[in-house]
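Data block below; observations after.
The values are calculated or read from the model by the stated rules, or taken from the named source; none is laboratory data. Nothing here was measured: the structure is a model prediction, and the numbers come from that model. Note that each Cβ is placed from the backbone with ideal geometry, even for glycine, and that neighbours are counted across all protein chains shown.
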Amino acid sequence: MAAKLRKGDNVIVLAGKDKGMTGEISSVDPKSGKAIVDGVNVAIRHVKQSQTNQGGRTPKAMPIQLSNLAVVDANGKATRVGFKMDGDKKVRFAKTTGDVI
């Protein structure tokens, strides 16, 4: 099955503590159904000091459920993703505007 959300997509968070925030997907894990979005769902992680790393508290983006994300269309609103054939290619399109993503 084709992925509705992919790396590089601009998305908005629909539910949770970061509801309404937007960001770009940096990685997707289809097996667990989660994605990491830059600047969203950020947690503080403690890093031990080493020869190359100073250590301390560093912010890290944590995974968020794919069902809590929606693609942002050209108007800046959340939209669902559909699939259609464009010639002989299968493409994704925004359901609100009909534009190819």
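Tabulated data for the structure shown
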quantity: Test: residue in segment 71-94 that is at pLDDT below 95, under 12 Å from the mean Cα position of the chain (by Cα) and exposed (fewer than 14 other Cβ atoms within 10 Å of the Cβ); calculated: no
quantity: Within segment 58-101, strands (runs of 3 or more DSSP E) holding 1 or more residues that are of a type in the set (Asp, Glu); calculated: 81-86
quantity: Matching residues in segment 25-65 - criterion: being more than 13 Å from the chain's Cα centre (by Cα) and on the phi > 0 side of the Ramachandran plot; calculated: 55, 56
quantity: Residue 38 being exposed (fewer than 13 other Cβ atoms within 10 Å of the Cβ) and in contact with an Asp or Glu (Cβ under 8 Å, 6 or more places away or on another chain); calculated: yes
quantity: All positions within segment 41-56 that are loosely packed, with under 12 Cβ neighbours inside 10 Å and part of a strand (DSSP E or B); calculated: 43, 44, 45, 46, 56
quantity: Residue satisfying all of: in segment 14-24; within 12 Å of the chain's Cα centre (by Cα) and in contact (Cβ under 8 Å) with a residue 40 or more places away in the chain; surrounded by the fewest Cβ atoms within 10 Å (Cβ to Cβ) among these; calculated: 14
quantity: When residues of segment 25-35 are limited to those that are exposed (fewer than 13 other Cβ atoms within 10 Å of the Cβ) and either among the small types (Gly, Ala, Ser) or in contact with a Lys or Arg (Cβ under 9 Å, 6 or more places away or on another chain) (or both), the one farthest from residue 74 (Cα to Cα); calculated: 32
quantity: Residue in segment 57-67 that is exposed (fewer than 14 other Cβ atoms within 10 Å of the Cβ) and within 25 Å of residue 100 (Cα to Cα) present; calculated: yes
quantity: Index of the failed condition, residue 11 passing every other in (1) touching a residue at least 24 places away in the same chain (Cβ under 8 Å); (2) β-branched (Val, Ile, Thr); (3) not in a strand (DSSP E or B); calculated: (3)
quantity: Hits in segment 1-13 (condition: surrounded by 10 or more Cβ atoms within 10 Å (Cβ to Cβ) and of a type outside the set (Lys, Arg)); calculated: 3, 5, 9, 10, 11, 12, 13
